[in-house]
Amino acid sequence: MGNPVLGIDLGTTNSVVAAAVDGRVQVLPDAEGNKLFPSVVSFHPSGDVLAGYPARERRLVDAPNTIYSVKRLIGRPFKSEEVRRATARLPFSFEEGPTGGALVVARGETYTLPEISAFVLRGVRAQAEEALKAPCRRAVITVPANFNELQRSATKAAGRVAGLDVLRILNEPTAAALAYGCGGGKTRERVAVYDLGGGTFDVTILELAGDVFEVVATAGDTFLGGDDLDVLVADEMVNAFLAQHRYDVRNDAQAYERLRAAAEWAKCQLSVTQDVDLTVEELGYGEGGAGLSLKFHIGRSRLEELCRPLMARTFDVCEEALRLAGMRPTQLDQVILVGGGTRMPAVRAMVKEYFGREPLANIDPDLVVAQGAAIQGAALAGTAEKQPVAAGTAIGRVALKRIAAPAPGKAEERKAPAGPAFQPKRPLPPPAPGARAAGGLPALPLRAAPPPLPGGSAGGAVPVLALPDLQDDGVSLSLPDLDVPNMEALGAPLGGMQVGQFGDSRMPSLRPQEADSFALPQGGAPLLLDVTPQSLRIETVAGFTEVIIERNAAIPVEQSRTFTTSQDFQEAVRAKVCQGESRKLVENQELGAVELLGLRPVARGKTQIEVTFLMDADGTLQVRARDVLTGVEQRIRINLVGAVQDEEVERMQ
């Protein structure tokens, strides 16, 4: 059968794997026919590491050592608000890593989040190999469209740790559109993909024509998903138990975890029935050691009432994406539903009302992304063999340019003087004429000149862009580590939970009647034209930033700024690179630092340095600098925050 390229949807709650086999795209089940692989990892007292269904079982009995829902924390520093919120809600522990990233603690050991995700990917790969009876080493892995560089890098690093050659990191909405075959006709289509998963929500606007899939705009919230709905229902259960027994379950992490699992199950049941009655036994103990059980009833109307504020937030994100695309909801030709959260009747009704049309949901929303990734994997299979990726030349999505080590005894000579580093020579260029003209969509203009910064010149002139000097010659910037259910079924009773209405704890199948496999689309490989999900920026004076590549710029894209030194005899400089929409550095996600060494020690303003950000079609960011006068390219090193080095990957493997 050869070595097929896997399409993997690495989800917050569940993961799915698919492949193109004998001309058909197939979701690959495990030996028991399960097509969903729970994204859960449990560290057993025996020393075994469990993943998938066995790990999810242990979530009910060993919550502190069972890890789940880590996808939404990828790329987050330990001190970030997202990690703080997760620490308050999740039963397992985090601690700060040596470079400021979040590490998971289980049985006295610490693990990076890419390492946790790698355990899931190993399980998914083993499931695929068992189904195909063939080794699988290549994969296309999907991520939310608004994931930043760090999150994408963490996902790719997890794949490497799992022994996979990740041919491409693909946006989930684009994968869904591939699976639906949108754009297969001769006319253009404008499609919105509404993706509500376990941990994240995003919406993407695509323009499709034949085999060309062009992303027009994307927006999202990486802390909005099914997990948040589960917490709302679990809190209802907590209040009910408190009223029944005057006992607060939130003081017992293991008992609360059982409630969260029961809440998740109840939420899923309410997609196919109007009411759920359940009993969760021995959540606590009263006088004389008597067990205290919860008897709980919830109806679909109450669930919808609880969830409505969260659902309203999704349409704020839709408004943002449509504004960036210069469109209104009624101008779309199709709306695709993706993610288990879209099974809820209330969500589908709200989507229909907002977009003014019936959304497409005839492919299982839990499986569609993996199927689309498998289509892309089949298209890349031949290309990957012709263009192998050399090991060690790139970390995640930021290509590293290897530089020579500093010569002995030269450190003092290279140290830059104190004060501002350099200033911009010219503004960003305007957008290319006729951008997106073929599709009739408005161009997304780049700013002709950045807004004034503190200390900048007045009268419309380009402001001074002063960056901090490089004080520690030749030393890489140390930044935080990358930390790299809408359940289909609960495979076993929920630790004493009795379901009065159904008599067991299995959720009925919610899949539509369509087959889980379909013919591979004919023709050549689709052309995917993507955009940058967030602006790419460089640090400036007083902790402010300047945009180099705008948000939603079509990729591949290359943008340059020319700077001059602003201190006499400036020889070196460090500039932080970040991603986000705020002018303040601290409100964006730091990606790393660019170091420029060996500048000519001349009077300020005499050296002109052209700094270029280049993002290729695969989403890989490259940064370079060139001395305009001499043509000599300056030495640059950019380090992703906590990027996983080759030797660390080998250790994890």
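General observations
- For PHE569, the residues 5 or more places off, or on other chains, whose built amide H falls under 5 Å of its own are VAL602, ALA603, ARG604.
- Restraint check, LYS71/LYS584; LYS79/LYS295; LYS133/LYS156; LYS267/LYS352; LYS79/LYS584, Cα-Cα greater than 28 Å: LYS79/LYS295
- ARG138 long-range amide H proximity, modeled H, under 5 Å: LEU6, ASP165
- Calculated FRET efficiency for the pair GLU319/HIS297, C-beta based, R₀ 35 Å, to 0.05: 0.45
- Here r is the Cβ-Cβ distance between ASP333 and ARG308 and R0 is 22 Å; the resulting FRET efficiency, rounded to 0.05, is 0.20.
- Distant-in-sequence amide contacts of SER535, defined by a placed amide H-H separation under 5 Å and a gap of 5 or more residues or a different chain, comprise ARG551, GLY580.
- At R0 = 41 Å, FRET efficiency that the Cβ-Cβ distance of ARG24 and ARG85 yields, to 0.05: 0.45
- Only the Cβ atoms of Lys and Arg (+1) and of Asp and Glu (-1) were treated as charged; on that basis the dipole of the stretch 160-284 about its Cα centre amounts to roughly 400 debye.
- Separation of the stretch 189-237 and the stretch 130-186, taken as the distance between their Cα centroids, equals 16 angstrom.
- Probe 1.4 Å - accessible area at ARG125, Å² to nearest ten: 50 Å²
- Ranking THR532, THR99 from most to least accessible surface, computed with a 1.4 Å probe over the protein chains only, gives THR99, THR532.
The values are calculated or read from the model by the stated rules, or taken from the named source; none is laboratory data. The structure displayed is predicted, hence computed values, not measured ones. Virtual Cβ from ideal backbone geometry, glycine too; neighbours counted across all protein chains shown. Ligands, DNA and RNA are stripped out before the accessible areas are found, and what is left, the full protein with its side chains, is counted by its heavy atoms. Shrake-Rupley method; radii C 1.70, N 1.55, O 1.52, S 1.80 Å.
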